[in-house]
Ligand code: GDP
Ligand code: MG
């Protein structure tokens, strides 16, 4: 089964998107021996597409000095398990230095990367969406995980990879 890892810094909307894609069909990776609760896996539905999706969590409660290292390890682990990564940024806040760190990790991984500019509903998001082009990871897909916008665009970019 094609597997997509949703990655990005805390609070960009990874879990909101995961929940939208998976609905109630959630399997906690937690239940499997040897796998930590920092990664959640579920079966996604997006239009007619079916795939496995991984949510990276557990960064939110990290202390300052361990955040960078944990972020890197967790993101690399998720991407290693996946066929492609969906890198989410927050279109309302624009690109932050932490986003640049994630972009670097992903470039080094050499896996296909889709760039999602989340929270893209409304005019507040326009500048952030434009900034996302500057990451050098291709054209951002404007998404609103909360409102379900951009899902057809996401499907269109995913379809050829699956
Ligand atoms: P995560 O830390 O990346 O998993 O982010 P969450 O999914 O927990 O979301 C962080 C916050 O952003 C929550 O308050 C969500 O309700 C909010 N959020 C998520 N998606 C959207 C969106 O599309 N638009 C807006 N405006 N808020 C969103
Ligand atoms: Mg989360």
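Give all pairs with beta carbons closer than 6 Å in which a residue from region 1-26 that is part of a loop (DSSP other than H, G, I, E, B) meets a residue that is modelled with pLDDT under 90 and within 9 Å of ligand 2 (Cβ to nearest atom); count only pairs at least 6 apart in sequence or on separate chains.
Taking only residues 6 or more apart or on different chains, the pairs are 10/59; 10/60.
When you scan region 97-115, do you find a residue that is in contact (Cβ under 8 Å) with a residue 60 or more places away in the chain, crowded, with 18+ Cβ neighbours inside 10 Å and in a loop (DSSP other than H, G, I, E, B), even just one?
Within region 97-115, not a single residue is in contact (Cβ under 8 Å) with a residue 60 or more places away in the chain, crowded, with 18+ Cβ neighbours inside 10 Å and in a loop (DSSP other than H, G, I, E, B).
If the requirement is being surrounded by fewer than 20 Cβ atoms within 10 Å (Cβ to Cβ) and near ligand 1 (Cβ under 10 Å from one of its atoms), which of these qualifies: 131, 121?
None of the others qualify; the one that does is 121.
Hey, among the residues in region 50-76 that are within 16 Å of ligand 1 (Cβ to nearest atom) and in a strand (DSSP E or B), which one's modelled with the lowest pLDDT?
Here the residue is 56.
Among (1) modelled with pLDDT under 95; (2) farther than 22 Å from residue 19 by Cα; (3) in contact with a helix residue (DSSP H, G or I) (Cβ under 9 Å, 6 or more places away or on another chain), where does residue 112 come up short?
(1)
Contact list please: Cβ distance under 6 Å, first residue in region 149-162 and part of a helix (DSSP H, G or I), second residue loosely packed, with under 14 Cβ neighbours inside 10 Å and at pLDDT 95 or above, pairs at least six apart or on different chains.
Note: pairs meeting the criteria are 155/47.
Does residue 89 count as touching a residue at least 60 places away in the same chain (Cβ under 8 Å), in contact with a helix residue (DSSP H, G or I) (Cβ under 8 Å, 6 or more places away or on another chain), within 16 Å of ligand 2 (Cβ to nearest atom) and under 25 Å from residue 2 (Cα atoms)?
The answer is yes for residue 89.
The values are calculated or read from the model by the stated rules, or taken from the named source; none is laboratory data. The structure displayed is predicted, hence computed values, not measured ones. Because the Cβ atoms are built from the backbone with ideal geometry, glycine has one as well, and the counts that use them run over all protein chains shown.
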